[in-house]
Every structure is written in C-alpha cells, then in structure tokens.
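These notes concern the structure reproduced below.
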Amino acid sequence: MIILVVNAGSSTLKCQLIDMDNEECLMKSNAERIYGPGTFMNVTFLPSKNKEHFEMEGASHADCLSKLLETIFASDECPVNSIEDIAGAGNRIVSGGEYFDRSALVTDDTLEKVKICGELAPLHNPHAAACIEALREVAPNLPQVLVFDTAFHIAGLPEKAYRYALPEKYYSEYKIRRYGAHGTSHKYAAEKAAEVLGKNVEDLNIITCHLGSGGSVSAVEGGRCIDTTMGLTPLEGILMGTRTGSMDPAIVTFIMRRDNCTLDEMDDLMNKKSGLLAISGISNDMRELEEGAIAGNEKCRLALDMYNRSVQKAIGSFYAIMPRTDAVVVTAGIGENSEFTRREIFEGLEHMGMIVDPEKNKGRGGDRVISADDSPVKVLIISADEEMCIARETMALI
Ligand code: ADP
C-alpha cells in the first residue's frame, strides 16, 4: 500500500511516497521559493537517488503538486504509474484550531474547517487546502487524511494550561489560547521513547524536546500532552533560530512606539530577525554557532548560553508540574545531531537527576538512551520522522 505524504510550508512543498508494506520511502520531493522568484523543484527517486530538477518560476503549491504527479507517473523506476496506485494521501496541517483533537479524513466539512483555521496559520493552512483541492480534482476517489500539528496538544492540555490570563472574550470570541505545535513529533518521540525503554507510554511521564530551527518542549503524562511551550503561534517558548521565543509582551508595544513600526515589521522582527541569528549576529545555524563559540566568538557563546538556558528552564518547569519525570527526550535537527548542545544542556540539569553519559552522548541520531545507567531520569535521543508518522496516521484512518 503506497501513501503520498504532502507537507505544504509557507513557500515550500515537501512530498514523499512511502510503501507502507515495508515502510520504505520511494520518492522524496522538495519544491522551494514557491511563487518565485527562483521557484524550483527537485524530485529524488529511491533507492537509486536519481534526481530530476525543474525550474518552475512563479509556480503555486498546486502547480508543483501536479508537476510532481506527472513526474512520478512518467518515471520508469517508480512503481506508481497512475493515481490508482496510490492508496491515500496524508496532509500535514499546521493548525486544526479547537476543531480537531486527532487526525481526520478529508470531507467537505473538515476541509472547510482547515480553511477557517487559516486565521491561526495564515502562511500554511491555505496552501495545504489548495493542495488537497488540487488532488481532489485529479483524484476525487483518493482518500485523503488531515494530520494536525496541534491535535496532540488539543487532546491533552487542561484549561489551566491552554488559557492565557486575558479577559474571557479573547478566548471565547477570538479563540486566543495555547494550541502548541510539533504535535506529531512530540507524540512520536514519547511513544518511541517508551518503546526503547520497554515500557508502555501510559505508565511514563516524559518531557519531549523538539529542537530544530523552530523548537518546543512538551510535558507528556501517561501518553497525553499536558503542557507545551508554543502558544497561540509558534513564537512562544524557547529561543529559536530566528524567533524570539518568550519575552515580556510589553517589549512589543515599546518597540512599536519607539520605532513607529508597522504590525508587519514587528511581526517580521520577532519571527525572522531575532533568536540565535540576532544574538550571534552571524547565523541561525547551530553548527556555525558552535564552531564560532569554540573559536572564541563571544556573541556565538552568548547565543548558545541563552539557548541552553531557555531549554533548561522549559524542562525544569515541566519537571515541576509532573508528579514524577521518568525520561527526557531530545529530537529534531539540534536534538539529534548536536552532541555539543546536548552536553551543555544536560550538564546544567544533573541536580534534577538527568545525568548524561559522555560516551553514550557521542554521535548523531538513532533511537537510544544517552543517560548514565544510574541516572534517576532517563535521557534519550529519538530520530524524528515526521513524514513516516503522517503516513502511519493516514494508513490507520483509511
Ligand atoms: P526544521 O525542520 O525546523 O527546519 P531541523 O529539525 O532540520 O529544522 O533542525 C535544523 C537545526 O539543526 C539547525 O539549527 C541546524 O544547524 C541544526 N543541526 C543540524 N545538524 C547539526 C549538527 N550536526 N550539529 C549541530 N546542529 C545541527
């Protein structure tokens, strides 16, 4: 059974074809700079790694998706020759608002709700909806599934975790609440960690840390997410590549008054010009910052210190609200690959019983325990595979 996974970003479209009989990826595609300038798409067939490159100036998400299908059907090495060879499509949806606490099949009703939630994810939901509609047009009978970044948090967070201390109308009318993000990743990280530890996730309390360009930390109690650092939008929480993370909200009005800047300029400043990039002054790429810090660059050192502290504080706050913490899991680009940052974060957490073994911490990726045998709290790396999680959810629903 072959599943197509569709992940529409603000100006990107990433797709995969996955053969679910053996969970093998048959094709990966990546379209960038959608709407231009410089729109292109790369389609890579596996296992050969044969690649096709298309310049598609100004193309939309839907244009890229139709070109991708055409390319797949025409390729000799891919077992998919027509839409009938695809069993279903799984669509990553950034926001399902309060409507969805789990994945759902695409229907007129659910698709309409995805569009309504565009208010909460204006850079993502409309593009995902456009891809779903484009697929529906060429394949009206193809079952499609919606897999939400928010569902894991919506299902688990109690009101005391998701409400902001604002007057009632901002929640009841404006729907301002904590929705969280990276839900698929937090859920997978917790479940996989339980599997690695040989326990049921229902019997464990786990703090999951998704540390990529964007990042969030969640408290997963007995398999349910009871709190998370991202909020109404992915700006809240730990310091990120180009985002501020949490800060005094009064800073926003202060800067806007002082610089007389527009809403869009302020949005841009907080989302694209802040975080590690702003503090280091050179990059939002953790690899470059680590190299810089090792070479003695003080701004890089400060960026890392601030990053580590924000992650430590998030872990500490969730340790405080769970009755017991059995494990801490790190995942995504930084969590999986950076021995350096993992070491620095956990060196500051030994007093909470999170003791990382320097030997086990070496290397990248894998699903493995990196804490010392006698560490009261286990620390694990789990490799994120968002596309595979979406494909599994899709299979389960169709
Ligand atoms: P996203 O999917 O949100 O773009 P990723 O999960 O791919 O992000 O993570 C990207 C981050 O991971 C970047 O900051 C990058 O520098 C970092 N990263 C990737 N490989 C390494 C590595 N070997 N050492 C340190 N950081 C790494």
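Of these, Thr110, Thr150, which one is open to solvent by 10 Å² or more (accessible area, probe 1.4 Å) and of a type in the set (Val, Ile, Thr)? Write out each step before concluding.
Numbers: Thr150 fails: open to solvent by 10 Å² or more (accessible area, probe 1.4 Å).
Of the residues listed, the single one that is open to solvent by 10 Å² or more (accessible area, probe 1.4 Å) and of a type in the set (Val, Ile, Thr) is Thr110.
Residue-by-condition table, conditions (1) crowded, with 20+ Cβ neighbours inside 10 Å; (2) over 26 Å from Arg224 (Cα atoms); (3) more than 14 Å from the ligand (Cβ to nearest atom):
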site	(1), (2), (3)
Met306	no, yes, yes
Arg324	no, no, yes
Ala327	yes, no, yes
Gly348	no, yes, yes
Gly353	no, no, yes
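Keeping to segment 231-252, report how many residues are touching a residue at least 60 places away in the same chain (Cβ under 8 Å) and within 16 Å of the ligand (Cβ to nearest atom).
5
Would you mind telling me which numbered condition in (1) under 13 Å from Gly215 (Cβ atoms); (2) modelled with pLDDT under 95; (3) open to solvent by 70 Å² or more (accessible area, probe 1.4 Å) Ser246 fails?
It is condition (2) that Ser246 fails.
Taking the residues in segment 368-386 that are among the charged types (D, E, K, R) and closer than 15 Å to Ala189 by Cα as candidates, determine which candidate is farthest from the ligand (Cβ to nearest atom).
Per the stated criteria, the residue is Lys378.
Quick one: which helices (runs of 4 or more DSSP H) lie wholly within segment 118-194 and hold at least 1 residues that are more than 26 Å from Met240 (Cβ to Cβ)?
125-138, 159-162, 168-172
Under 9 Å between Cβ atoms, which residue pairs at least 6 apart in sequence (or on different chains) link something in segment 322-343 that is in a helix (DSSP H, G or I) with a partner that is at pLDDT 95 or above and acidic (Asp, Glu)?
Pairs found: Phe340/Glu290; Thr341/Glu290.
Looking only at segment 332-346, filter to residues that are open to solvent by less than 50 Å² (accessible area, probe 1.4 Å) and over 25 Å from Glu387 (Cβ atoms); which one of those is farthest from the ligand (Cβ to nearest atom)?
Only one residue fits best here, namely Phe346.
Output the qualifying pairs, or none if there are none: Cβ atoms under 9 angstrom, residues six or more apart or on different chains, first residue in segment 204-223 and free of Cβ contacts under 8 Å to residues at least 12 places away in the same chain, second residue away from the ligand (no atom under 14 Å from the Cβ) and open to solvent by 10 Å² or more (accessible area, probe 1.4 Å).
none
Return yes or no: is Gly365 in a loop (DSSP other than H, G, I, E, B) and away from the ligand (no atom under 12 Å from the Cβ)?
no
Would you say Val138 is touching a helix residue (DSSP H, G or I) at 6+ places or on another chain (Cβ under 9 Å), among the β-branched types (Val, Ile, Thr), open to solvent by 10 Å² or more (accessible area, probe 1.4 Å) and over 24 Å from Ala314 (Cβ atoms)? Step through it out loud before you land on a result.
Values: touching a helix residue (DSSP H, G or I) at 6+ places or on another chain (Cβ under 9 Å): yes; among the β-branched types (Val, Ile, Thr): yes; open to solvent by 10 Å² or more (accessible area, probe 1.4 Å): yes; over 24 Å from Ala314 (Cβ atoms): yes.
Taking the combined requirement at face value, the residue satisfies it.
The values are calculated or read from the model by the stated rules, or taken from the named source; none is laboratory data. From a predicted model like this one, the values you see are computed outputs, not experimental measurements. Methodologically, a virtual Cβ is constructed for each residue, glycine included, from the backbone with ideal geometry; neighbour enumeration extends over all protein chains shown. Remember, those area values only see protein heavy atoms, side chains included, never the ligands or the DNA or RNA. Shrake-Rupley method; radii C 1.70, N 1.55, O 1.52, S 1.80 Å.
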